[in-house]
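Participant: First, the structure itself, so that you have it in front of you.
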Amino acid sequence: MRKKKRAKTKIIIVSVLVVLLLLSTVLAGVIAPHDPSEPCATTIRLAPCAEYPLGTDNLGRCVFSRVLYGGRTTIAATFLLVLISFAVGTIIGILCGYYGGFVDKLLMRVADVLLAFPQMVIAIAVAGILNGGMTGAMIALGITMWVSFARLARSHTFTLKNEAYIQAAVFAGKSDFYIILRHIFPNLLAPVLTQALTTIGTTMIGLSGLSFLGLGVVPPTPEWGSMIAEARAYIQIAPWAIMGPAAATIITIILFNYLGDAVMDYREI
Amino acid sequence: MTYLLEGKHLNKTFKEKAKTTVALSDVNFYLNKGEVLGVVGESGSGKSTLLKAIAGMLKLDQGELFYNGREYTGQKPRQTGKFLQMIFQDAKSSFDPRMIMERSIMESGRGAKDPERVRELVQLVGLEEELLQRKPAALSGGQCQRMSIARAFYSDAEIFLCDEMTSALDVSSQARVLELLQNLKKEGRLSAVFVSHDIALVSMLCDRIMVMKDGICVEQGTTTDVIRNPQDAYTKVLLESAERQNI
């Protein structure tokens, strides 16, 4: 009981920090002191000061404002990608687990093939073929991301469909659609959602990584990965330009990973 | 003569690689309305296979099943559920852990939802109405088993298939569930096939007993005949072991 309470407190604390982080990006327009895309010849590579809390970059743009606006792009793209992968993977997993047969075997072999390659290698190849851009980067990562959700949902469906309450629903004449919607999906939602939470961090790394390689967001749109890539060129003369987006990426990933772990711990107690 | 439920020449074999297991071999049975048929035997004797075959949960190799004289062989649980209901061994796991009891019970009905009837049935099985608002985890095994009886009644099924329904319960819960079933039987509300490995328990509830061993029905008759004058050696062994356990 005490352990559970402690785990709950941990979730609340991390959730508050995550909400604060999300609010800071949603309210970027209010909080940001400068236009994130407006270059200024007189403020090039300024060190952090009262007016520019995180300094300025090579084009004289406020790093703090760009980090705030960049969070919007990075976090929104990550959430959208995780949400789509979660939806697609869960639906595929449930259908494979519930019906089995040829389609299940085929999709699971496709999943095995996708898992045989490192995710980033496939993502770089696909993003390259799609000529980069945020949509391209999301498709590139999404091609492999649904697999983990599908496998998890499938294994849970396998267990659930043999439960006596599912058999009771069958005896009551309920359709497969009803059983999946009312019994299977709600009972596997918790583990798959926990998986989604823990995936946010790695997805963010993936998206930022692709942007860093020039296969993600197109400049001048602020995005943490592309900001790091730009600032890398002059890291020795203006290290602050890289510190802001790098710290933002690290803090966000740690927070979401920590939240995922906390939820997982809570469920296991 | 037309029986409520009848099985003729039921055969089922399970094949796994080189191993073949005969689960049912030319099994015949019948059940009259208001009657409880007990099926006893050790683990692997084929009694659960028989129940699953009756329910349509597995396909028979040979044989016919009849409900009120109409053949229903080959029908799946979605169709057989109109006239029969399973009462599972682990009652708790037969309810969705996320649903309150009232919703789970109402889900078993095929018509319009009737919360008033659910309350009546819960009173019939000797439980308080307030338990309907709880989830299965908040109920004891015995309470869940009574709820599953209420659910079976709510479904309007005429036949109950009880698969070791008291074996997961403690002695006092077992006695209460047995008393409930005996009362329902006296009122003529219960027509059931009651599967158990416990011949003593079966003899307290059932009108007729069917003894199974290695997929074969070795003996079948009225409870009095089978208990007082067993014909098969295996039935005698079962009765002797039941007597020893009572001592």
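Participant: Looking only at A:Ser148, A:Ser211, A:Ser37, which one moves most when chain A is put into a Gaussian network model with springs between Cα atoms under 10 Å?
Facilitator: Maximum among the listed residues: A:Ser37.
Participant: Here is a further query. Using the Karplus equation 6.51 cos²θ - 1.76 cosθ + 1.60 (θ = phi - 60°), what ³J(HN,Hα) coupling, rounded to whole Hz, does each residue of the stretch A:41-54 give in order, writing x for Gly and Pro?
Facilitator: Per-residue couplings from phi come out as 5, 8, 10, 5, 6, 7, 6, x, 8, 4, 6, 10, x, 10 Hz.
Participant: Further question on the same structure: How much area per residue is accessible in the stretch A:2-268 when the probe is 1.4 Å and only protein heavy atoms are counted (Å²)?
Facilitator: 48
Participant: Considering only protein heavy atoms and a probe of 1.4 Å, how much of the accessible area of the stretch A:1-123 is carbon and sulfur, as a whole percent? Kindly include the intermediate steps, with their values, before the conclusion.
Facilitator: Numbers: 5070 of 6930 Å².
Exposed carbon and sulfur together represent 73 percent of the surface.
Participant: A further question follows. From the protein chains alone at 1.4 Å, what is the descending order of accessible area for A:Glu223, B:Glu42, A:Glu38, largest first?
Facilitator: A:Glu38, B:Glu42, A:Glu223
Participant: What does the accessible area of A:His183 come to, in Å² to the nearest 10, when a probe of 1.4 Å is used?
Facilitator: 0
Participant: Also, quick follow-up: How much accessible area does A:Phe177 have with a 1.4 Å probe, in Å² rounded to the nearest 10?
Facilitator: Per-residue accessible area (A:Phe177): approximately 150 Å².
Participant: Another question, if that's okay. Does the protein assembly as shown come out rounded, prolate or oblate, given a ≥ b ≥ c as the square roots of the eigenvalues of its C-alpha gyration tensor, rounded meaning a/c under 1.5 and, failing that, prolate meaning a/b above b/c?
Facilitator: It comes out prolate by the Cα gyration axes.
Participant: Once every Cα of chain A carries one equal point scatterer and solvent is ignored, give the base-10 log of I(q)/I(0) from the Debye formula at q = 0.08, 0.13 Å⁻¹, two decimals.
Facilitator: -0.42, -0.91
Participant: Which whole-Hz ³J(HN,Hα) couplings does the stretch B:17-33 yield from phi under the Karplus relation 6.51 cos²θ - 1.76 cosθ + 1.60, θ = phi - 60°, glycine and proline marked x?
Facilitator: 6, 8, 8, 10, 10, 8, 8, 9, 10, 6, 8, 10, 7, 8, 9, 8, 5
Participant: Order the following by accessible area, largest value first: B:Glu240, A:Glu163, B:Glu16. Probe radius 1.4 Å; ligands, DNA and RNA are ignored.
Facilitator: Numbers: B:Glu240 100, A:Glu163 60, B:Glu16 140 Å².
From most accessible down to least: B:Glu16, B:Glu240, A:Glu163.
Participant: May I pose another question? Cα centroid distance between the stretch A:144-159 and the stretch A:1-68, in Å?
Facilitator: Computed from Cα coordinates, the inter-centre distance equals 35 Å.
Participant: Enter the accessible area of A:Met227 (Å², nearest 10), with the probe set to 1.4 Å and all protein chains included.
Facilitator: The accessible area of A:Met227 comes to roughly 10 Å².
Participant: Quick check: the distance between the Cα centres of the stretch A:81-103 and the stretch A:182-224, to the nearest angstrom?
Facilitator: 17
Participant: Considering only protein heavy atoms, with the full assembly of protein chains and a 1.4 angstrom probe, order B:Thr20, A:Thr249 by accessible area, largest first.
Facilitator: Result of the area sort, largest leading: B:Thr20, A:Thr249.
Participant: Let me ask something else. For the Cα atoms of chain B, what angle does the longest principal axis make with the long axis of helix B:141-154, in degrees from 0 to 90, nearest 10?
Facilitator: That helix lies at roughly 90 degrees to the long axis.
The values are calculated or read from the model by the stated rules, or taken from the named source; none is laboratory data. Small disclaimer: the values here were computed from a predicted structure and weren't measured. For accessibility, only protein heavy atoms count, side chains too; no ligands or nucleic acids. Shrake-Rupley method; radii C 1.70, N 1.55, O 1.52, S 1.80 Å.
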